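Since every read-out is calculated from the coordinates, none of them should be taken as a lab result. Source: prediction; values computed, not measured. Every residue, glycine as well, gets a Cβ built from its backbone with ideal geometry; the counts of neighbours run over all protein chains shown.
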Amino acid sequence: MKILISGGQGFIGGILSHQLRGLGHTVSDEKWDITSSTEIKRLFTEKQAETWDVVFHLASITDVRFCDENPTISEKVNFSATVAIADALASQRSSCHLIFASSSLVYDFNFRGAGPHEVSESSRLGGQGIYAQHKLRCEEVLLDQYADKIAKVTIVRPFSHCHVMQRAERFLGRLEKKLSSSSERNIPLSDRG
């Protein structure tokens, strides 16, 4: 597969790039300015978006305190850049699968004392703070405005993904196994699917 990764130089992107290359996939993880709609359009035009099989959009500012203290920067990076990437894919009318890295922080953990072990896909949304609000807005826009314009949109909400001791059986390891063992474009990421 031909795969583009925004945030490919970051923690998750770096691991994902390495693992996908090891499986024989063609990966573009070059550093680019996700806040520049001109650069995004150039990247998709020059790189021919219609040839990408998957775009992993991982790039974001994940420092919650920084986002709360700098909401304008957070919005530009964590929301507007996602919309610009979706616009670029939609304008290409490609068959590309967009995988958006949201956050588990979009869940309302204050609701009836819910904690990370009590959260499921059907749990109440409404996370606290600017970072969670921007991620949730991205999810809503991707599903409401781009579901019929991009071939496939998948949203993942990882928990505690940035740790130096992350083991292969966590999300990335399971994702790698599913990608390498499936020729289908619709790949279930849970052990139940």
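Our estimate of slack between D63 and D108, defined as 0.36 nm per intervening residue step minus the Cα-Cα distance, is 14.4 nm. Computed over the Cα atoms of region 1-109, the ratio of the radius of gyration to the Kirkwood radius (Rg/Rh) comes to 0.98. Residues of region 75-106 with backbone nitrogen within less than 19 Å of a virtual label 7 Å along the Cα-to-Cβ line of R42, please, listed as ranges. Answer for region 75-106: 77, 81-82, 84-89, 92.
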